[in-house]
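Novice: This structure is in structure tokens; I'll ask about it shortly.
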Amino acid sequence: MKRFNVPILLVVLLTTLMGLAWFEVIDLYIQTIVLFMGINIITSTSLNLVNGNMGEFSCGHAGFIAVGAYVSSILSVALFTKSRTFGAPLLPPELAAYGFPLVLIIGGLAAALTGLLVALPSFRTRDDYLAIITIAANYIIISAIINIDKIGGARGFMGMKRVIFAMEKCAEIPWMILWVFIFMVLSIIIIRRYMSSTYGKGVEAIRQDEVAAEIMSVNTNRIKLVTFMISSGLAGIAGGLYAHTIGYVNPKSFDLLKSTEALVMVYLGGMGSISGSIIAAVVFTLMLELLRPLQIIKWVAIPLLLIIIMQFRPEGIMGNRELSDIFPRLKKFYKFK
Amino acid sequence: MFDTLLQNLLNALQWGSFYSLIALGYTLVYGVLRLINFAHGDIVMVGAYIAFFISSLLLGQYGMPAFLPGWAVLALTIPLTMVLTSVVGVTLERVAYRPLRRKGANRLYVVITALMAGLILENGNLLLLGASRKKFPEMIDKVVYKFGSVYVTNLKIGVILTAILSFIVLHFIITKTKVGMAMRAISYDKFAVPLMGIPIDTVIVFTFVLGSSMAGLAGILFALSYPILDPYMGMSIGWKAFIAAVVGGIGDIRGAFAGGFILGIIEIMVVAFFPSSYRDLIAFSILLLILTVKPTGLFGVAQTTKI
């Protein structure tokens, strides 16, 4: 029974959410917030893999989000809709519902390949030098996108809403909630399983002492390569979901401020704690929305709040522990690998 | 052709001077505390605004009679701004960084706090002063010197000379004075230094004073050269200066100085020969290449670690 508790809980949660959206109990605004929560969870857990578990300091996560967002948007717009840029749809729009996850995964793969831009220099550099490489990579990616005029350059790229409409022609269900939820759970499972695999032990070893790990025959280069690629690939999927939720992407919205947001979520949750990242992503998204009426004061209040949290709890909400470490009794009720 | 190159080189030196001055501040704090002070770019912005208010006050825009000539106003504004900006920097250290350091928090949490402090400075400014941009007053008349077909303004010469001069002063402080020796000692071994009777907090405050006054100086010079102020002006130039500091080899002020000029020269030369939107792409690709070939930066020395 213990094995099925988490899957059952997740299915119940998903059906409730979709039912609420389907019967229009929650309006589009609340739906968007829920979607952002899911997307932010993917972003923060994937960054946590590099920053928390591996102990590197990557501050260019938004670059990979941008790659995923652009690749998957371009593909889905070109394949399933009629657009001014790409002309008639290459595939019948009825296939959109089935093709969409594939498109997202291709976006993730593209982002994982861009992750090489950071992973390869990381063989020889570490710490703050690596931090710089990630910042530079973020600048390079944004700047490259701005210079490709075919996909809108600095003006941005749109048309993804029509893909959603095409999907809704197949079946009138809230598709985005379904896909965000599925990919969120998938990415958490991937990260969790990765961290409990042999590679995961290597990642922990690299965080504690890279040189010692290498002496103990951990193939650090290989582990760094795989970890960076998984992290950036998941970020790319988050980007694809983000682009399709908003329906419009602009290179400026993936600058270092976006990376900062991801960093804040990771460190607010606690380094190396998956449940911490999830809680922080939810709290942070809610905080952004609840404080919206304050307008510009919001952008002073949130950093101030975070500084105060850091002063009183300098290890983040969860530290490096998981939920089941804090409440050991929970272990009786669920098993999550 | 040669003239254009020379003209561009002069522009690049001016642009690189800003990066160098800001990178010097970054590297000072980093060298002593191993802390990436991400709020530094915004301290530059604060410096520019402080200079704006002081000079407007002295030029008689807030009802005070203007009794000083322009050059005297500038001569007063520079030291006053440097002092006030370093007050801001030290306050930041006292309020945000020191408590965390005392608690022994992970280094990266201090970095996040610095990022948040930068956001507060930016948006607090936006909140207090509104979104309208400020026009920095002109204090000295522009003089253009002409050598052949190369034009040089007095401002350009001033900016480049100031950057070189402040580098020399800093280099002297670090290598020749007692405080400089203490700074190097803390960077070498943070735990043994207090045992030797060196007041570590005083030295750290001094470091912040030096770094922030460099930021204030950079703020004034930037505002004099590009006299439009807005709250977000420090952000992007701050990040870029940090990258310059790292390419030079962070923690070494020669590295910061050289790195700033390298980044300035690359950026201006790219703009001179390619469309300007390629600036970031090419500049950062070159920097990435430099770091891949020489991972510790130009002046950095690989550290040996004990296991």
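Where a number appears in this text, it was derived from the coordinates with a stated rule and is not lab data. What you see is a predicted model, and the numbers here were worked out from it, not measured in a lab. Methodologically, a virtual Cβ is constructed for each residue, glycine included, from the backbone with ideal geometry; neighbour enumeration extends over all protein chains shown.
Novice: Quick check, is B:TYR97 facing chain A (nearest Cβ under 8 Å) and touching a helix residue (DSSP H, G or I) at 6+ places or on another chain (Cβ under 8 Å)?
Specialist: On the way: facing chain A (nearest Cβ under 8 Å): no; touching a helix residue (DSSP H, G or I) at 6+ places or on another chain (Cβ under 8 Å): yes.
Taking the combined requirement at face value, the residue does not satisfy it.
Novice: For B:ALA105, are the conditions met, namely being facing chain A (nearest Cβ under 7 Å), outside any helix (DSSP H, G or I) and not charged (D, E, K, R)? Walk me through it before giving the result.
Specialist: Numbers: facing chain A (nearest Cβ under 7 Å): yes; outside any helix (DSSP H, G or I): yes; not charged (D, E, K, R): yes.
Yes, satisfied.
Novice: Ok, one more. Would you confirm, using the coordinates I've provided, whether A:MET310 is buried (at least 19 other Cβ atoms within 10 Å of the Cβ) and either closer than 27 Å to A:MET160 by Cβ or in contact (Cβ under 8 Å) with a residue 60 or more places away in the chain (or both)?
Specialist: no
Novice: Next up: For A:LYS331, are the conditions met, namely being assigned to a helix (DSSP H, G or I), touching a helix residue (DSSP H, G or I) at 6+ places or on another chain (Cβ under 9 Å) and surrounded by fewer than 16 Cβ atoms within 10 Å (Cβ to Cβ)?
Specialist: Details: assigned to a helix (DSSP H, G or I): yes; touching a helix residue (DSSP H, G or I) at 6+ places or on another chain (Cβ under 9 Å): yes; surrounded by fewer than 16 Cβ atoms within 10 Å (Cβ to Cβ): yes.
The answer is yes for A:LYS331.
Novice: Out of (1) more than 10 Å from chain B (Cβ to nearest Cβ); (2) within 19 Å of A:ARG192 (Cβ to Cβ); (3) surrounded by 12 or more Cβ atoms within 10 Å (Cβ to Cβ), what's the single condition that is false for A:GLU289?
Specialist: (2)
Novice: Could you check region A:52-64 and list, in sequence order, the residues that are crowded, with 24+ Cβ neighbours inside 10 Å and either in a helix (DSSP H, G or I) or free of Cβ contacts under 8 Å to residues at least 60 places away in the same chain (or both)?
Specialist: A:GLY52, A:HIS61, A:ALA62, A:GLY63, A:PHE64
Novice: Would you confirm, using the coordinates I've provided, whether B:VAL301 is within 11 Å of chain A (Cβ to nearest Cβ), surrounded by fewer than 24 Cβ atoms within 10 Å (Cβ to Cβ), out of contact with any helix residue (DSSP H, G or I) (no Cβ under 8 Å at 6 or more places or on another chain) and more than 24 Å from B:ALA51 (Cβ to Cβ)? Reasoning before the result, please.
Specialist: Details: within 11 Å of chain A (Cβ to nearest Cβ): no; surrounded by fewer than 24 Cβ atoms within 10 Å (Cβ to Cβ): yes; out of contact with any helix residue (DSSP H, G or I) (no Cβ under 8 Å at 6 or more places or on another chain): yes; more than 24 Å from B:ALA51 (Cβ to Cβ): yes.
No; evaluated as a whole, the condition is false for this residue.
Novice: Oh, and also: Check A:ALA262 against each of (1) of a type outside the set (Lys, Arg); (2) over 21 Å from A:PHE64 (Cβ atoms); (3) in contact with a helix residue (DSSP H, G or I) (Cβ under 7 Å, 6 or more places away or on another chain) and name the one condition it does not meet.
Specialist: Condition not satisfied by A:ALA262: (2).
Novice: Right, next: Anything in region A:259-279 that is of a type in the set (A, V, I, L, M, F, W, C) and either touching a strand residue (DSSP E or B) at 6+ places or on another chain (Cβ under 6 Å) or within 12 Å of chain B (Cβ to nearest Cβ) (or both)? List them, or say none. Steps first, answer last, please.
Specialist: Residues of region A:259-279 of a type in the set (A, V, I, L, M, F, W, C): A:262-266, A:268, A:271, A:274, A:278-279.
The answer is A:ALA262, A:LEU263, A:VAL264, A:MET265, A:VAL266, A:LEU268, A:MET271.
Novice: Now a separate question. Would you mind stating whether B:PHE222 is in contact (Cβ under 8 Å) with a residue 24 or more places away in the chain and within 14 Å of chain A (Cβ to nearest Cβ)?
Specialist: Working: in contact (Cβ under 8 Å) with a residue 24 or more places away in the chain: yes; within 14 Å of chain A (Cβ to nearest Cβ): no.
No: the conditions fail for B:PHE222.
Novice: Next up: Please note which helices (runs of 4 or more DSSP H) are completely contained in region A:65-182 and include at least 2 residues that are buried (at least 21 other Cβ atoms within 10 Å of the Cβ) and away from chain B (no Cβ under 14 Å). Give the steps one after another, and end with the answer.
Specialist: Details: elements: A:96-114, A:116-119, A:127-147, A:160-170.
Fully inside region A:65-182 and qualifying: A:96-114, A:160-170.
Novice: Also: Restrict the check to region B:107-116 and report whether at least one residue is surrounded by 15 or more Cβ atoms within 10 Å (Cβ to Cβ) and hydroxyl-bearing (Ser, Thr, Tyr).
Specialist: Step one: of region B:107-116, the residues surrounded by 15 or more Cβ atoms within 10 Å (Cβ to Cβ) are B:107-116.
Subset that is hydroxyl-bearing (Ser, Thr, Tyr): B:109, B:113.
Checked region B:107-116: at least one residue is surrounded by 15 or more Cβ atoms within 10 Å (Cβ to Cβ) and hydroxyl-bearing (Ser, Thr, Tyr).
Novice: Considering only region A:138-158, I want to know if a residue exists there that is of a type in the set (Phe, Trp, Tyr) and within 30 Å of B:TYR30 (Cα to Cα).
Specialist: First pass over region A:138-158, keeping only residues of a type in the set (Phe, Trp, Tyr): A:139, A:157.
Of the ones still in play, those that are also within 30 Å of B:TYR30 (Cα to Cα) are A:139.
Yes, the conditions are met somewhere in region A:138-158.
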